[in-house]
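Data block below; observations after.
The values are calculated or read from the model by the stated rules, or taken from the named source; none is laboratory data. Keep in mind it's a predicted model, so treat the numbers as computed, not measured. Here the Cβ positions follow ideal geometry from the backbone for every residue, glycine too, while neighbour counts run over all protein chains shown. With ligands, DNA and RNA removed, areas are computed over all heavy atoms of the protein, side chains included. Shrake-Rupley method; radii C 1.70, N 1.55, O 1.52, S 1.80 Å.
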Amino acid sequence: MDKQTTILPRQIMARPIVVIKYLLIGLIITLLSGCATYQQEVHKGLSLAHHGDWKDAESQFKSALDKPQDKLLYYLEAGALAQNQGDYKRSNQLLAKADILSDTFFQENFKNRAWALLSNPRQGDYRGNGFERVYISYLKSLNYLALAQQATQPIKKRQLQDAALVEARRIDNKLNEIQAQEPSYKELDAKENQAFYLKALDWLSGFYTRGHNDKYLYRDDAWARYLEGIQYEQSKDYDDARISYQQAAKLYESGYAKQYGLSNITAERAWLDTIRMMRKGGDWSQDDINRLIRQKLSPEMQKTLKDYQKGDGELIVLENEGFVPAKSELSLQLYADPNAYSLVLAPLLANGDNQQNDAFRWFTMVYADVNPLNLIANYKAGGPWGAFGGVFTKRVILGPAVWKQLKRAHLDTLLTQQFIRITVPYYPRFTLDHHTPQISLNGSDIQTTSIRMSSLSDIALQEQLSNAQRDIYESLVRELLRSWLAFRIANSVHDDTAKLILSLVGQVAVFTSSAADTRNWLTLPAQIRLTRIPLHPGDYTPQYRINNKDFSHDKIVIKPDNITLWNLRNPY
């Protein structure tokens, strides 16, 4: 009887330990296999897309994005790939679903967010970002324009052109929403351990707000407004076209071109089209037009303006080239510096390969200690070498008062006894294609100028830069909470051997399941090049050659004062 009473409590105590251990192991397997499957399937789909195998790529993305949290991303990828297949109606159906979800996900539910907090952000709903929401309407408008060109009945053609204009106006509304929106991460909640979580948010909120950089924000889109001008011109609403072209011109020259590495010719091209609409509208004096020509157009662009003759039509080629870069994952080590009352982050990098070099450059560019407060703290902690070493670390200064709270929660012990991994997304370096396209009509080469009007790759990069401090802030809170929970579970066990095993299993589970959200809309083009060719009315068979790749179009009929749009998708 005495023997039973000594053994039975140990058995009872061992059972929950075993259960928790297997739950943690199961969590590791589930998360790691899920992440591995996602990465493999997505890269297979992207590889197919790079070769122009749009249909097979769509099937692969469907397999990769079959989780409920990836539903928005699936509609985005499938919608773009359907357009590339020429299935414009289905593309719009898919993009319409994405449009609804991109708005819906701004109100996140507690259950979804709490699970992402306790596991990793890839387990939460993909929400997209501002510029992706804008380019849903951009692609939808191009679909409507393509359907309008296929329409044989004038009424149907006009209806489809009007639908394209509706999407262009929705771009305006979305850009206004982006300007007014200020997302708050203090709305994140976790009822379990809420007191600790709220403290962590409070400790780290200053770090988050100090790092925010407004100059990378996606505020407006000159190219989207220019496309609106093309649509108004197609519909012969010349005054509205003038307004849109002029808005685009002012945006390009006021900072949009500089921010995204575009040529100043972009503004000139938009001013040229503004002037053309002034002439077609008929409400402007010749003196006003001539003044604008002298102020805004170079001699070369003035020569281009003279190529537009009354009664001519026009072929517009939009080359959507390449793909936006895919995000990668940067791993950091978090440890405590009690002497300086601060937390320190240092990159975990292997030696040698280019991706690791890019990760380190990203860290030093975005996170490294270069502000005076952190340099002083590093100097006090380690002398002159400590200040220099701050280039390779990121210090979160908490101060004595907060450090006392941290000690009361036993986080100082946690940070000195465990290896805590923080993960954030980043973009590796990329280069845009700079080849000059050559266009031929009916077999004869023509002289024309193609202009890179938008770089979605640079927009995506700067969008990530603007969110970088938010990402590291949220990752710090998440990993501190997860590590603290594992630490508390292990320390609640009184058997030393069981505590050691459970502590090890918990550390491995937290370390291996740490992940950054590297999802993004991968089938968007890297850049958009514009070629406008005024032509006499007649039949033409255009061909487009770029970087030893040839693209052809069926015979087109150019009519007086009409625009024919060729939306060319170049995957190479």
- Note on the structure: Calc'd 3J(HN,Hα), region 274-281, phi into Karplus 6.51 cos²θ - 1.76 cosθ + 1.60 (θ = phi - 60°), Hz, glycine/Pro = x, comes to 4, 5, 4, 5, 4, 5, 6, x
- Query: What ranking of Asp239, Asp125 comes out by heavy-atom accessible area, probe 1.4 Å, highest first?
  - Reply: Asp239, Asp125
- Calculate, for Asp561 and Leu305, the FRET efficiency according to 1/(1 + (r/R0)^6) with r their C-beta to C-beta distance and R0 25 Å; round to the nearest 0.05. 0.90
- Task: Quick one: which residues, 5 or more positions from Arg452 or on another chain, have an amide H under 5 Å from its amide H? H modelled 1.01 Å from N in the peptide plane, none for Pro or chain starts.
- Result: Leu530
- Note on the structure: Packing-ranked peptide list from 558-568, 52-62, 289-299, 456-466, highest mean Cβ count within 10 angstrom first, is 456-466, 52-62, 558-568, 289-299
- In the neighborhood of Ser59, defined by Cβ-to-Cβ distances under 13 Å, what is the net charge if each Lys or Arg adds +1 and each Asp or Glu adds -1? -3
- Task: Please list the non-local residues whose amide H lies under 5 Å from the amide H of Tyr572, H modeled 1.01 Å from N, same-chain partners needing a gap of 5 or more.
- Result: Gly322
